[in-house]
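The values are calculated or read from the model by the stated rules, or taken from the named source; none is laboratory data. Everything numeric here is computed off the predicted structure, so don't read it as measured data. Cβ sites come from the backbone with ideal geometry, for glycine too, and all protein chains shown count toward neighbours.
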Amino acid sequence: MHRYKLTLEYDGTEFHGWQKQFRTECTDGARILEPISDDERLELRTVQSVLERAVRGVIREPIELMGASRTDAGVHARGQVAAFTSNPSEETGSGWPLSRGVEPLRRAINSRLPGDVLVRSIEPVDAGFDPISGALSKGYSYTFHTGADRPVFGRRFVTHAQHELDPAPMREAAALLVGEHDFAGFCAAGHGRATTVRTIFACDVSAPDASNLRLNVSGNGFLWNMVRIIAGTLYDVGRGRIELDRVREALTTGDRRLAGTTLGPEGLCLEWIRYE
C-alpha cells in the first residue's frame, strides 16, 4: 500500500468548487461531467471529480481522493493539497507501486487533465497522512484590480475595485485581525464549525504593481467565506465606508452586520498549505 501527496494548481472559474457534487437536474447552466452516474444523478464539474477520474484512469484502481481545502466555486489555487492511497496488484497490474517513480505518475495524471488544472508535484507520504487534519497553516491571497477600467487580460483572477482604494487604512485594519480571535463576525451563516475561534498569523495589503492591490493572509484555519469577508471589509475600509473602530467592534461582538460585504470568488486564491 502506498499513499501519495499531490500539490496542484487550478483556475477555478469553470469549476463548481473543489468538492464532488451531484444534482438530479441541472437547469441553471451548471457544468456537468459525463457519463451520468448509475443512479441518474448528474455529477457537477468539480476539481475533485476531474482529478479523481484522471488518477483512476492512470492507476486503474478505485481510489478516494481527499483534498485539504474545500474551495468554493470560482476560487483558484496555486497550492491545493490532496492525497490518495494505491494498493498495487501484481496479478491485475493495477495500482502504482513506488518503484515506478512519482514523476512518471505526475506526468501521466497531467496528460489526462484539462487545461485549467495541473498537478505540480507528487511525493510519497506516511499511510496515515491526512491533508485536512495534518495542515498546520494555510495562506490565501485576494487581488483587487484598481484601475478605472475593468481588466481584460487576467480578469478571471482579480476583483475590479470600482472605487479608489487607500491602502494605508486597509493595512491598519488588516493588522487588527492578526492573532487569535473569535471570527464569528467574519464568516457566513451555516459554517458548520464547532468554534469560530481562529488564529491569523499574518495579514497585510501590498501593491504588486501599479494596477493591483493584494491582500495576503495566513492562519491556522479559515471559516466559510472568511477570507472573502475580510477582503470585503478591507475594501470598505479602503474606500472610506468603514472606520477602524467598526472593524474592532465586529471582532469583539461577532456581529456579521458590522463587517464588510462578501466579495466574489474570482479574486481569491489558495496559495499554500504547510505541514510538519
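Looking only at the stretch 155-199, residues that are over 27 Å from Leu136 (Cα atoms), of a type in the set (Gly, Ala, Ser) and touching a strand residue (DSSP E or B) at 6+ places or on another chain (Cβ under 8 Å) come to 1 in all.
Exactly one residue among Ala77, Ala161, Ala135 is at pLDDT below 95, surrounded by 15 or more Cβ atoms within 10 Å (Cβ to Cβ) and of a type in the set (A, V, I, L, M, F, W, C), and that residue is Ala161.
When we screen Arg214, Arg171, Arg193, Arg198 for residues that are in a helix (DSSP H, G or I), touching a residue at least 24 places away in the same chain (Cβ under 8 Å) and of a type in the set (D, E, K, R), the only hit is Arg171. Taken over the stretch 246-276, the criterion of being under 16 Å from His181 (Cα atoms) and assigned to a helix (DSSP H, G or I) is satisfied by Arg246, Val247, Arg248, Glu249, Ala250, Leu251, Thr252, Thr253, Arg256, Leu258.
Matching residues to (1) under 17 Å from Met170 (Cα atoms); (2) among the small types (Gly, Ala, Ser):
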{"site": "Leu215", "(1), (2)": "yes, no"}
{"site": "Glu249", "(1), (2)": "yes, no"}
{"site": "Arg257", "(1), (2)": "no, no"}
{"site": "Gly264", "(1), (2)": "no, yes"}
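The residues on offer are Arg150, Arg112, Arg100, Arg120, and the sole one that is without any contact (Cβ under 8 Å) to a residue 24 or more places away in the chain and assigned by TED's automatic domain parsing to the domain that holds Phe15 is Arg100. Considering Ser99, Ser94, the condition of being at pLDDT below 95, of a type outside the set (Phe, Trp, Tyr) and surrounded by 14 or more Cβ atoms within 10 Å (Cβ to Cβ) is satisfied by Ser94 alone.
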